[in-house]
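Structure first, commentary second.
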Amino acid sequence: MTPTMRSIRRAVVAWLLLAGPAFTAAAQPQHALPESFEATYVLSMGPLSLAEMKRKLYKNEDGHYVFESYSKPIGYARWFTDSTLLEKTEWVYHEQHLRPLKYSYDRQSSDKERHVKLTFDWDKMRVTNTINNDPWSMDVPQGTLDKLLYHLAVMYDLERGDESLNYQVADGGTLKTYTFHKLAEETIETPLGRFKTVKLERPGSRDTILWCAKELNYLPVRIMQEEDGRKLVLKLKSIKGLPADTPNTTASIKP
């Protein structure tokens with residue numbers, strides 16, 4: 001495999017692993033987020049389109065919210081990897097915050113699989129983490145999120161005007177703190193039109209920059225990550241279920 005092929009495969013697999021990925025005023029817990037929406041993104045490295053990610057928010061038969069994210073390689077990248085990732089978080093509003101109930105992570109490929117489930121017991125303040133059918137549990141503080149739900153929490157807090165974007169996340173058997181810093185407000189051009197955005201940074205081993213559109217309940221319209229000189233960009237391709245007065249919100253583009 002050539003260095004270029006290895007770089008493409010590493011980029012797609014790294015993104016799939018990371019995606020499971022780039023969110024106080026008067027409280028409005030039932031309205032700060034939409035009841036449902038769908039968003040599709042395309043991941044690129046330079047001129048190459050490498051992966052597609054679809055995210056959905058909806059209610060299940062129990063009346064709980066479900067946020068799911070499905071990623072798969074596309075285009076040239078399919079020659080080097082068949083890895084797919086499906087994440088789901090089931091959650092409710094609790095005391096003006098988002099509270100996770102269940103989380104699942106299922107990575108499939110021809111050479112490796114990984115299955116993770118988290119079950120939150122808020123009466124005991126514990127989370128049970130099951131990795132490939134091997135369960136164990138740990139204590140968690142009030143307000144702990146899973147590593148998919150915190151993306152919605154950023155949108156929710158920005159919509160409410162909360163400037164403190166700090167999140168305790170149960171991730172990989174430990175409790176991690178994810179912190180976002182507001183860099184600027186920018187109006188950016190996207191394939192779906194022009195949006196006023198809040199530009200956020202989450203520093204770390206992979207620095208992540210998000211542009212969250214005010215007109216779309218602060219949904220990220222662009223996410224950029226850079227590591228070891230390699231820059232990955234996730235761009236919004238299509239959306240459905242967000243404010244109807246936003247230009248081109250039902251449009252879609254070719255990757």
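The values are calculated or read from the model by the stated rules, or taken from the named source; none is laboratory data. Predicted, not measured: the structure shown is a model, and the values here were computed from it. Positions of Cβ are backbone-derived with ideal geometry, glycine not excepted, and every protein chain shown enters the neighbour counts. Remember, those area values only see protein heavy atoms, side chains included, never the ligands or the DNA or RNA. Shrake-Rupley method; radii C 1.70, N 1.55, O 1.52, S 1.80 Å.
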### Task
Test each condition in (1) within 21 Å of the chain's Cα centre (by Cα); (2) open to solvent by 30 Å² or more (accessible area, probe 1.4 Å) for residue 75 and report the one that comes out false.
(1)
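To keep it simple, each residue is scored yes or no on (1) touching a strand residue (DSSP E or B) at 6+ places or on another chain (Cβ under 7 Å); (2) under 23 Å from residue 41 (Cα atoms).
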| site | (1), (2) |
| --- | --- |
| 126 | yes, no |
| 132 | yes, no |
| 142 | no, no |
| 209 | yes, yes |
| 220 | yes, yes |
| 225 | yes, yes |
### Task
Could you list all residues from the stretch 203-231 that are open to solvent by less than 40 Å² (accessible area, probe 1.4 Å) and not in a strand (DSSP E or B)?
216, 217, 218
## Note on the structure
Considering residues that are within 16 Å of residue 223 (Cβ to Cβ) and surrounded by fewer than 21 Cβ atoms within 10 Å (Cβ to Cβ), the number found within the stretch 47-69 is 3
### Message
Can you pull out every residue in the stretch 167-184 that is over 23 Å from residue 115 (Cα atoms), out of contact with any helix residue (DSSP H, G or I) (no Cβ under 8 Å at 6 or more places or on another chain) and surrounded by 11 or more Cβ atoms within 10 Å (Cβ to Cβ)?
### Response
179, 182, 183
### Task
Within the stretch 78-87, track down each residue that is crowded, with 20+ Cβ neighbours inside 10 Å and either part of a strand (DSSP E or B) or hydrophobic (A, V, I, L, M, F, W, C) (or both).
80, 85, 87
### Message
assigned to a strand (DSSP E or B), modelled with pLDDT of 95 or more, surrounded by fewer than 20 Cβ atoms within 10 Å (Cβ to Cβ) and among the aromatic types (Phe, Trp, Tyr): is that true of residue 105 in this structure?
### Response
no
### Message
Quick check on my filter: what residues within the stretch 177-192 are farther than 15 Å from residue 41 by Cα and not acidic (Asp, Glu)?
### Response
177, 178, 179, 180, 181, 182, 183, 184, 187, 188
#### Entry: Filtered residue count, the stretch 66-83, keeping only those that are among the β-branched types (Val, Ile, Thr) and either modelled with pLDDT under 95 or over 20 Å from residue 41 (Cβ atoms) (or both)
2
### Query
Restricting to strands (runs of 3 or more DSSP E) lying wholly in the stretch 116-202: which have 3 or more residues that are more than 15 Å from the chain's Cα centre (by Cα)?
126-131, 134-139, 174-179, 181-190, 193-202
### Query
Would a scan of the stretch 121-132 turn up a residue that is at pLDDT 95 or above and closer than 21 Å to residue 155 by Cβ?
no
### Query
Which residues, counting only those in the stretch 31-46, are open to solvent by less than 70 Å² (accessible area, probe 1.4 Å) and part of a loop (DSSP other than H, G, I, E, B)?
32, 33, 34, 36, 46
